[in-house]
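The values are calculated or read from the model by the stated rules, or taken from the named source; none is laboratory data. All values derive from a computational prediction rather than experimental measurement. With ideal geometry, Cβ positions are generated from the backbone for all residues, glycine too; neighbour counts draw on all protein chains shown. Only protein heavy atoms, including side chains, enter the accessible area calculation; ligands, DNA and RNA are left aside. Shrake-Rupley method; radii C 1.70, N 1.55, O 1.52, S 1.80 Å.
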Amino acid sequence: MTEFPKKSVYVETYGCQMNISDGELMEGILVDEGYEVSSSPEQADVVLVNTCAIREHAEERVLGRVGQLYALKKNRPEVILGVTGCMAQRLGEVLLKRAPYVDLVMGPDGYRSLPEQLNKIRTGANSVPSRSPKKRGPQLAVLDLSIEENYEGLTQRRSSQVGAWVPIQRGCNHRCTFCIVPYVRGPEKNRKSREVLSEIQEIAESGRTEVTLLGQTVNSYESEGVVFHDLLRSVARIPGIRRVRFTSPHPNDVTPELLEVMAEEPNICEQLHLPLQSGNDMVLRRMLRRYTVETFLEKVQLARNLIPGLSLSTDIIVAFPGETESQFEDTLRLLREIRFDDAYTYKYSLRDGTPATRFPQEYFVSKDEAQNRLAKLIEVHRSIQAEINEAEVGRTEEVLVEKEGRKSGQVLGRTRRNKAVAFIAPADAIGTYQQVLLTGTTGATFMGELLD
Ligand code: 5AD
């Protein structure tokens, strides 16, 4: 326990599932030090904005939000405002200069020392003269990346009673030329499989039945000779766990063995996120994705052959430097050929320090053109998705009820194939598995009817 019992923290998370999981980890670390978790910034002494750096847009949103949160300090100057995560790592001291009211920036490898750093700020331990709580120590930057920090031995505070995020790997050894992740999360670090398995046993004992294994390239996991498909099989066999998912795999490490484990183990969901990025070989080469359209298609084919009904999702970037109109059309064509159930679509966003910034100036696609391509891509994807989903209306699916819906009396859940369904059911259905008739679709999500 620290000398400051009953401190409270509010964590607001932006970005990917790994970030959500990191937010839970920070909460867990602080709860173990006597903090309470607040559900609003107004009621917290420590406010942490847990950030994403993947695209410029994500960062702009966060900067605006941090500015808003500064208002809290007008009435309560003792509030500690921290920015954590990938954007904190990327901008570091620049962020402290730009936002002088931010007390702490902390990258993804610094969370273990969070309680200690907050105490330093609170007590002014590293400040020059004043010890008054209103004039605390200087701003703190905790930005060291680590080759081993995987947060073993710390407890994540799980916000859902239904499912659990389980990071098995942190960092990334790939060097996709567009991507900032290796620079803000460091090299790949894998947890020991026995630690992962015992954590998931505890998750099962807590009554949660779904786990999602997380890693930047989750399927390149390897620890003490245990490779990803071995770990996945063991996870799927833990008593009490009924649904296993994982994200995000790199296509190159989608092996026949992995697909076989997915096919054989009934608790592994028929769902695969397979980031394509582009449907043109030249662009893929410039992105350093290290696969071709042909090899990607082979993986899709094999996956669909082995896992009947497999639901596939993907990530696509348009207007990567040098992408021509016809190369972009190759992506559209491939989308029509593969027919992904879901696609996350992005305009290329330049990230300082990444290799793609060094392409010649004339390679860069204009903003208008990028916007046009994105709009076209979204249109094509939406129409494919709507066709796929309309064809699924009328099916009965097993739905794990996750939370209350927006309309009263309604709940939200997911099918094994990761499709969202809203239907009328009592709130105490949350956490249970129900047979639900899919009665309609918005194109992307479903309406359903609970069957007795
Ligand atoms: N610009 C646009 N999209 C990006 N992604 C990663 N880096 C960038 C970037 N610089 C996308 C990729 C990745 C997803 C998580 O974000 O599609 O798979």
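Some points to look at:
- Residue in segment 248-258 that is more than 16 Å from the ligand (Cβ to nearest atom) and either surrounded by 20 or more Cβ atoms within 10 Å (Cβ to Cβ) or not assigned by TED's automatic domain parsing to the domain that holds A370 (or both) present: yes
- Residue selection: G15 satisfies the criterion of being in a loop (DSSP other than H, G, I, E, B) and either within 16 Å of the ligand (Cβ to nearest atom) or in contact (Cβ under 8 Å) with a residue 12 or more places away in the chain (or both).
- Options R351, R417: the member that is assigned by TED's automatic domain parsing to the domain that holds C269 and either open to solvent by less than 50 Å² (accessible area, probe 1.4 Å) or of a type outside the set (K, R) (or both): R351
- Residues of segment 259-279 that turn out to be within 15 Å of the ligand (Cβ to nearest atom) and polar (S, T, N, Q), as a count: 2
- Among the residues examined, G207 qualifies as under 23 Å from I241 (Cβ atoms), open to solvent by 20 Å² or more (accessible area, probe 1.4 Å) and either more than 16 Å from the ligand (Cβ to nearest atom) or not aliphatic (A, V, I, L, M) (or both).
- Of the helices (runs of 4 or more DSSP H) lying entirely inside segment 57-123, the ones with 3 or more residues being open to solvent by less than 10 Å² (accessible area, probe 1.4 Å) are found at 86-98, 114-123.
- Enumeration of residues in segment 414-450 that are among the hydrophobic types (A, V, I, L, M, F, W, C) and under 21 Å from T209 (Cα atoms): A420, V421, A422, F423, A425, A427, A429, I430, V436, L450
- Residues that are over 20 Å from the mean Cα position of the chain (by Cα) and assigned to a strand (DSSP E or B), drawn from segment 209-247: E222, S223, V226, V227
- When restricted to residues that are in contact with a helix residue (DSSP H, G or I) (Cβ under 9 Å, 6 or more places away or on another chain) and either at negative phi or in a helix (DSSP H, G or I) (or both), segment 164-208 contains 27.
- Hey, L284 at pLDDT 95 or above and within 30 Å of G413 (Cβ to Cβ) or not: no
- Of all residues in segment 380-403 being over 26 Å from the mean Cα position of the chain (by Cα) and among the hydrophobic types (A, V, I, L, M, F, W, C), the one that is surrounded by the fewest Cβ atoms within 10 Å (Cβ to Cβ): A391
- Residue within segment 330-343 that is within 25 Å of the chain's Cα centre (by Cα) and aromatic (F, W, Y) present: yes
- Within segment 406-434, tally of residues that are at pLDDT below 95 and not in a helix (DSSP H, G or I): 3
- Residue list for segment 158-185, restricted to those being away from the ligand (no atom under 15 Å from the Cβ) and surrounded by fewer than 21 Cβ atoms within 10 Å (Cβ to Cβ): R158, S159, S160, Q161, V162, G163, N173
- Evaluating T292 against the criteria (1) farther than 19 Å from Q216 by Cα; (2) surrounded by 15 or more Cβ atoms within 10 Å (Cβ to Cβ) leaves one unmet condition, (2).
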